[in-house]
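Undergrad: Quick one: this structure, given as structure tokens, is what I'll be asking you about.
The values are calculated or read from the model by the stated rules, or taken from the named source; none is laboratory data. Remember, predicted model here, so these are calculated numbers, not experimental data. As a convention, Cβ positions derive from the backbone with ideal geometry for all residues, glycine included, and neighbour counts pool all protein chains shown. Accessible surface areas use protein heavy atoms only, side chains included; no ligands, DNA or RNA. Shrake-Rupley method; radii C 1.70, N 1.55, O 1.52, S 1.80 Å.
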Amino acid sequence: MARQTGSIGWFLQRLSGGLIFALILVHFSLMHYMGPEKRLYADVVRRFQNPLWKSFDLVFLTLCLCHGWYGVWEIVGDYVRSDSLKILALILIVIAAAGLFSIGLVTVLTF
Amino acid sequence: MADTLGLYTFKIFRYNPDKDPKSRYDTFAVEVRQGMTILDCLQKIKGSLDGTLSFRRSCRSAICGSCAMNINGKNDLACHLQVSRLRGRTITINPLPGYPLIKDLVVDMGEFYRHIAAVMPWLVRRSPCPDRELLQFPADRDRIDSAVNCILCGSCTSSCPQFWFNPRYLGPAALLKAYRFIFDSRDEGRDERLAIVDDRYGVWRCRTVFNCDEACPKKLHPNEAIAGLKIEALKRSV
């Protein structure tokens, strides 16, 4: 088994951070500078029906959750010394991430 | 006298566990002349006001790193910092943060030195040594130039919040030392040393706070060295 050094996690955080930055530019442009002046429910539904936008939002959601919660896990690693508390924190992080992913998944796939 | 700067108040951290488990601050008024350093003032206090004051000093030339302390909230060398460079008439002096206290401004740097020793701060040679000195190209020397100038004062490691909470973390000084040898073209212990720093308590514990760069009295850049080590360690992992 490979030694757990933190290098892969560090690299993935940088990679996901760069991708999130690129995707967020698209997201902001789309939400604030493009499309109709007054966005209606029907406009959102139309966009979500496009498989490309569905994929975009799913990738965005996955990257943000992975990046954010891995960051929280790193903070736990910095400040929590007790192994049992670390395990508890990991369980809470996984539950929270899975819960938020489910909500996002339902939102994107409903349309 | 024309070269006098006037009267300064020195508020100095005092702690002597043999007499009182609680720490306190003592204040001393010192007449400061132009060109006097913090160390000169401390010597004056110890020599004529309170002989029980403890602090480390040796070379008085900003080379040995012994007199590193926290002056007005910033880690610096007492022998290097002139009083005239500080604002205000009250100067607060604390021991270096993050290390266990021994007495007054003297801290226990055992852990710091253990971390330095852990990264093998010596040139590793496996091939036979030549009869003359090992030469290197100027460009190779430039690569490690700033790292060579570290005087091991401990200011950087002491300013690192990661070290405050995780004393197992190697810290910027040890990592800078590792960088100095890993990137030395004459060294042959690169993989061994990289294996030491490529650890959860090695380079990956650094959060790029930049306190180390700010604290270094020799204006070195441990943070840049750590970034270089991270890239090397990553190349080794993938």
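Undergrad: So is residue B:87 of a type outside the set (S, T, N, Q), under 21 Å from residue B:175 (Cα atoms) and at pLDDT below 95 or not? Can you show your working first?
TA: Numbers: of a type outside the set (S, T, N, Q): yes; under 21 Å from residue B:175 (Cα atoms): no; at pLDDT below 95: yes.
No.
Undergrad: Here is a follow-up. Considering only segment A:61-97, how many residues are within 14 Å of another protein chain (Cβ to nearest Cβ) and touching a residue at least 24 places away in the same chain (Cβ under 8 Å)? Working first, answer last.
TA: Step one: filter segment A:61-97 for residues within 14 Å of another protein chain (Cβ to nearest Cβ), giving A:70-83, A:86.
With the extra rule that they be touching a residue at least 24 places away in the same chain (Cβ under 8 Å), the set shrinks to A:70-71, A:74.
Looking only at that region, the number is 3.
Undergrad: Are any residues in segment B:136-163 open to solvent by less than 30 Å² (accessible area, probe 1.4 Å) and either within 14 Å of chain A (Cβ to nearest Cβ) or in a helix (DSSP H, G or I) (or both), and if so, which ones?
TA: Within segment B:136-163, B:144, B:147, B:155, B:156, B:157, B:158, B:160, B:162, B:163 meet the criteria.
Undergrad: Being open to solvent by less than 20 Å² (accessible area, probe 1.4 Å), outside any loop (DSSP other than H, G, I, E, B) and of a type in the set (A, V, I, L, M) is the requirement here; does residue B:102 meet it?
TA: No, not satisfied.
Undergrad: Still on this structure: Here's a check for you: in segment B:214-227, which residue that is part of a helix (DSSP H, G or I), away from chain A (no Cβ under 14 Å) and touching a residue at least 40 places away in the same chain (Cβ under 8 Å) is most open to solvent (accessible area, probe 1.4 Å)?
TA: To start, the set of residues in segment B:214-227 that are part of a helix (DSSP H, G or I) comprises B:214-215, B:222-227.
Within this subset, residues satisfying the condition of being away from chain A (no Cβ under 14 Å) are B:214-215, B:222-225.
Right, trim to touching a residue at least 40 places away in the same chain (Cβ under 8 Å) and you get B:214-215, B:222-223, B:225.
Working: B:214: 133, B:215: 6, B:222: 2, B:223: 11, B:225: 4 Å².
This residue is B:214.
Undergrad: Give just the number: which of (1) surrounded by 12 or more Cβ atoms within 10 Å (Cβ to Cβ); (2) under 30 Å from residue B:162 (Cβ atoms) does residue A:58 not satisfy?
TA: Condition (2) is where residue A:58 drops out.
Undergrad: Across segment B:164-179, what is the total count of residues that are more than 13 Å from residue B:147 (Cβ to Cβ), of a type outside the set (A, V, I, L, M) and surrounded by 24 or more Cβ atoms within 10 Å (Cβ to Cβ)?
TA: Of segment B:164-179, the ones more than 13 Å from residue B:147 (Cβ to Cβ) are B:164-171.
Next, only the ones that are of a type outside the set (A, V, I, L, M) stay: B:164-169, B:171.
Among the residues that remain, those that are also surrounded by 24 or more Cβ atoms within 10 Å (Cβ to Cβ) are: B:169, B:171.
The number of residues fulfilling the criteria is 2.
Undergrad: Sticking with this structure for a sec: Using the structure shown, decide if residue A:47 is surrounded by 15 or more Cβ atoms within 10 Å (Cβ to Cβ), more than 29 Å from residue A:91 (Cα to Cα) and more than 14 Å from chain B (Cβ to nearest Cβ). Let's see the steps before the verdict.
TA: Numbers: surrounded by 15 or more Cβ atoms within 10 Å (Cβ to Cβ): yes; more than 29 Å from residue A:91 (Cα to Cα): yes; more than 14 Å from chain B (Cβ to nearest Cβ): yes.
Criteria met by residue A:47.
Undergrad: Within segment A:2-39, can you find the residues that are open to solvent by 70 Å² or more (accessible area, probe 1.4 Å), in a helix (DSSP H, G or I) and within 14 Å of chain B (Cβ to nearest Cβ)?
TA: Of all residues in segment A:2-39, those open to solvent by 70 Å² or more (accessible area, probe 1.4 Å) come to A:2-4, A:8, A:11-12, A:14-15, A:19, A:21, A:25, A:28, A:32-34, A:37-39.
Add one more test, that the residue is in a helix (DSSP H, G or I), and what stays is A:8, A:11-12, A:14-15, A:19, A:21, A:25, A:28, A:32-33.
Within segment A:2-39, A:8, A:11, A:12, A:14, A:15 qualify.
Undergrad: Residue B:29: touching a strand residue (DSSP E or B) at 6+ places or on another chain (Cβ under 6 Å), surrounded by fewer than 17 Cβ atoms within 10 Å (Cβ to Cβ) and in the same structural domain as residue B:80 (by TED's automatic domain parsing), yes or no? Before the answer, list the steps.
TA: Details: touching a strand residue (DSSP E or B) at 6+ places or on another chain (Cβ under 6 Å): yes; surrounded by fewer than 17 Cβ atoms within 10 Å (Cβ to Cβ): yes; in the same structural domain as residue B:80 (by TED's automatic domain parsing): yes.
Spelling it out, residue B:29 is indeed touching a strand residue (DSSP E or B) at 6+ places or on another chain (Cβ under 6 Å), surrounded by fewer than 17 Cβ atoms within 10 Å (Cβ to Cβ) and in the same structural domain as residue B:80 (by TED's automatic domain parsing).
Undergrad: Here is a further query. Could you tell me which residue of segment B:46-88 is farthest from residue B:105 (Cα to Cα), considering only residues that are surrounded by fewer than 14 Cβ atoms within 10 Å (Cβ to Cβ) and touching a Ser or Thr at 6+ places or on another chain (Cβ under 8 Å)?
TA: Looking at residues that are surrounded by fewer than 14 Cβ atoms within 10 Å (Cβ to Cβ) and touching a Ser or Thr at 6+ places or on another chain (Cβ under 8 Å), I get B:59.
Undergrad: Can you name the residue in segment B:180-208 that is assigned to a helix (DSSP H, G or I) and open to solvent by 40 Å² or more (accessible area, probe 1.4 Å) and is also nearest to the other protein chains (Cβ to nearest Cβ) among such residues? Explain how you work it out, then say what you get.
TA: Initially, segment B:180-208 is screened for residues assigned to a helix (DSSP H, G or I), giving B:180-182, B:190-197, B:203-205.
Narrowing the set further to residues that are open to solvent by 40 Å² or more (accessible area, probe 1.4 Å) leaves B:190-192, B:196.
Values: B:190: 16, B:191: 14, B:192: 14, B:196: 11 Å.
Looking at residues that are assigned to a helix (DSSP H, G or I) and open to solvent by 40 Å² or more (accessible area, probe 1.4 Å), I get B:196.
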